[in-house]
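Visitor: Attaching a single structure in structure tokens format; questions to follow.
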Amino acid sequence: MSADTFDKQIEAARRRLEVLERSAKDSGDQKGLLRETLEELSTALEELHVAAEGLRQQNEELAFSRQAIEVERQRYQDLFEFAPDCYLVTDPDGIIREANRAAATLLGVRPGFSVGKPLLVFVAKQAHETFHLRLSRIQDEGNTGGDWELSLQPRAGMSFPAALTVGLVHDTGGRLTGLRWLIRDISKRKEAEELLRSMSTMDELTGLHNRRGFLTLAPQYLKMADRNKKAALLLFADLDGLKSINDTLGHPAGDRALTTVAHILNETFRQSDILARMGGDEFAVLAMETPITGAEKVTARLQGNLNSHNRKSSSHLSLSLGVARYDREHRCSVEELLAQADAEMYQQKRSRGDSFVPGGE
């Protein structure tokens, strides 16, 4: 009952009371009982009036609360709609119920297009199994398992890596009724991570692996040689006279000499081999040994490519080489293998003498 209706009923009762009071006066003292009844009715009307005032205040408070709720609802809607990140609301099966503008941009569709469609249609095919498994876990266990990453495929364009955060929506009975998704494109983050990774394991000047990269990859390479029952060769090379090049022709010339050696190594060895600049003027190569890639043949091919460069260029380059062999009967660590190849390289350098002249023939 509204406060206005309540007031009308009170007013009608008051008018009826006035009529009864007049009737009681006209009837004399014999109507004392009626007067007492009228007084009780008057008291009841006053109580009703107080109750009506309370009801009016409650209605005003309710209207204020309803207005405040509407303001908050609109505020939430604006935050959801205009948020810079992709926000989605789905049912427990992953059917999209709400999607903000950022979601439309991220998924490459017009606003509203995704509503009613499975989120799966925007997941790259290679990630479908991962998505199914994760969604099933959420449904069965009621546990999101924390943030996760997978590839999304917009309607137009290339797939990209995305980070997903999922929130659970339950009804008052605790039943799972929906999922809230926060999705971010992490392509730039992945590129930055890859750059940092390559910077930490790659030599910036030559593009070969650095010492860290070589020591990280080489043990796995030797394990692969063991599994395939093959031998591996570690070649250790030193660019002769780098200090003399730097002192005589300048450090840019020394850098060019180092990059030239890297180029010659890339020409000589396979992509599956591990090529590294170990630091300064030292290079290392770890290669699988085959009938056509024995130690003598590998060093001969490298020397041939080096001679070919020297014939075409005014800058004469020379390498001192050492080779160590790894097989299942003579297992050792990468460090020990490096030490063996380095010792052989140093012996060759000593036997030849350091007679290199920059730019000479």
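All of the numbers you see were taken from the coordinates with simple rules; none came from a lab. Just so you know, these numbers come straight off a predicted model, no measurement behind them. Using ideal geometry, Cβ is built from the backbone for each residue, glycine included, and neighbour counts are taken over all protein chains shown.
Visitor: Within region 264-279, can you find the residues that are without any contact (Cβ under 8 Å) to a residue 60 or more places away in the chain and surrounded by fewer than 15 Cβ atoms within 10 Å (Cβ to Cβ)? Break it down stepwise before answering.
Guide: Of all residues in region 264-279, those without any contact (Cβ under 8 Å) to a residue 60 or more places away in the chain come to 264-273.
Correct list: Glu267, Arg270, Gln271, Ser272.
Visitor: Of all residues in region 166-189, count the ones that are under 17 Å from Thr90 (Cα atoms), of a type in the set (A, V, I, L, M, F, W, C) and either more than 18 Å from the chain's Cα centre (by Cα) or not in a strand (DSSP E or B) (or both).
Guide: Number satisfying all stated conditions: 4.
Visitor: Scan Gly213, Gly178, Gly167 and give me the residue that is touching a strand residue (DSSP E or B) at 6+ places or on another chain (Cβ under 7 Å) and closer than 21 Å to Ala339 by Cβ. If you could, list the steps in order and put the result at the bottom.
Guide: Working: Gly178 fails: closer than 21 Å to Ala339 by Cβ; Gly167 fails: closer than 21 Å to Ala339 by Cβ.
Selected residue: Gly213, the only one of Gly213, Gly178, Gly167 that is touching a strand residue (DSSP E or B) at 6+ places or on another chain (Cβ under 7 Å) and closer than 21 Å to Ala339 by Cβ.
Visitor: Let me ask another. List the residue pairs whose Cβ atoms are under 8 Å apart, where the first residue sits in region 200-226 and is on the phi > 0 side of the Ramachandran plot, the second is in a helix (DSSP H, G or I), and the two are 6 or more positions apart or on different chains.
Guide: Close Cβ pairs (under 8 Å, with a partner that is in a helix (DSSP H, G or I)) amount to Gly207/Ala262.
Visitor: On to the next question. Tell me which of these Leu222 doesn't satisfy, since it passes every other one: (1) aliphatic (A, V, I, L, M); (2) exposed (fewer than 13 other Cβ atoms within 10 Å of the Cβ); (3) within 30 Å of Glu289 (Cα to Cα).
Guide: (2)
Visitor: Among the listed residues Ala156, Ala127, Ala163, Ala192, identify the single one that is out of contact with any Phe, Trp or Tyr (no Cβ under 7 Å at 6 or more places or on another chain) and in a strand (DSSP E or B).
Guide: Details: Ala156 fails: in a strand (DSSP E or B); Ala127 fails: in a strand (DSSP E or B); Ala192 fails: in a strand (DSSP E or B).
Sole residue among the options that is out of contact with any Phe, Trp or Tyr (no Cβ under 7 Å at 6 or more places or on another chain) and in a strand (DSSP E or B): Ala163.
Visitor: Here is a further query. Of all the residues that make up region 156-176, how many are exposed (fewer than 13 other Cβ atoms within 10 Å of the Cβ) and of a type outside the set (Asp, Glu)?
Guide: Qualifying residue count, region 156-176: 9.
Visitor: Output the number of residues of region 289-326 satisfying the condition of being out of contact with any Lys or Arg (no Cβ under 8 Å at 6 or more places or on another chain) and acidic (Asp, Glu).
Guide: Residues flagged as out of contact with any Lys or Arg (no Cβ under 8 Å at 6 or more places or on another chain) and acidic (Asp, Glu) within region 289-326 amount to 1.
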